[in-house]
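Asker: Dropping a structure here in structure tokens format, bear with me for questions.
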Amino acid sequence: MSEKLVAFHVNGREVSVQDQLGQTLLDVLRHTLHLKATRMGCGQGECGACRVMLDGHAVAACDTPLWSVNGKHVTTVEGLGSREAPHALQTAFIEEQAMQCGFCTSGILMSAAALLQRQAHPTRQEIVQVLDGHLCRCGAHNRVVRAIEKAAAKPTVA
């Protein structure tokens, strides 16, 4: 079994990781790069907890093979904004109290950020459609939709 070096960018920083057979992007983010906000939920790409942006598109990190991110750009919620300069989505989620337990929140934020990159002012239906791939047992969906609408209404969304 030969290991191959996979080079890609995470949150604007270039990284190189030895690809081991069967290793996923989620494995590397959490266990090698210690970016813990991306969560393991179902492990089958169905729940949305592990969503990250890969070249601007929301993908499930749990079923994205590490080799497939070679040369690409990955953004996790840690790279979305900071305490000093939060992303409009992060601010809106706090203002709208759009989370309870927080387990699914990072994945939802990343799907919403990918949507807002593609379309600065999505319709409510488009927001709901993006959220369809996310399981949240806390019942905060209405607040999440309002938060995304609020962030989209800001003059500049990065």
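Asker: Round to a whole angstrom and tell me the spacing of the C-alpha centers of segment 29-65 and segment 73-148.
Answerer: One Cα centre to the other: 15 Å.
Asker: What fraction of the DSSP beta bridges in the chain is antiparallel, stated in percent and rounded to the nearest 5?
Answerer: Of the beta bridges lying entirely in the chain, close to 90 percent run antiparallel.
Asker: Check the straight Cα-Cα distances from K36 and name the lysines below 25 Å, setting aside those fewer than 8 residues away within the same chain.
Answerer: Correct list for K36: K4, K72.
Asker: Could you give the length gained by full extension between T123 and E46, i.e. 0.36 nm per residue of separation minus their alpha carbon distance, to one decimal place?
Answerer: 25.4 nm
Asker: How far apart, in nm, are two points set 7 Å out from the Cα along the Cα-to-Cβ line at A7 and at N70?
Answerer: Distance between label points: 1.2 nm.
Asker: Please report, ordered by residue number, every helix of the chain (full DSSP H runs) that is 24 Å or longer along its axis going by C-alpha atoms and whose mean Kyte-Doolittle hydropathy reaches 0.5.
Answerer: none
Asker: Once the dipole of the chain is set up with Lys and Arg at +1 and Asp and Glu at -1 on Cβ about the Cα centre, which of L25, G133, V15 lies farthest towards its positive end?
Answerer: Of the candidates, G133 comes out farthest on the positive side.
No value in this document is a laboratory result; all are computed from the given coordinates. This is a predicted model, so every value here is computed, not measured. Neighbour counts are summed over all protein chains in view; Cβ atoms, including those assigned to glycine, are modelled from backbone coordinates with ideal geometry.
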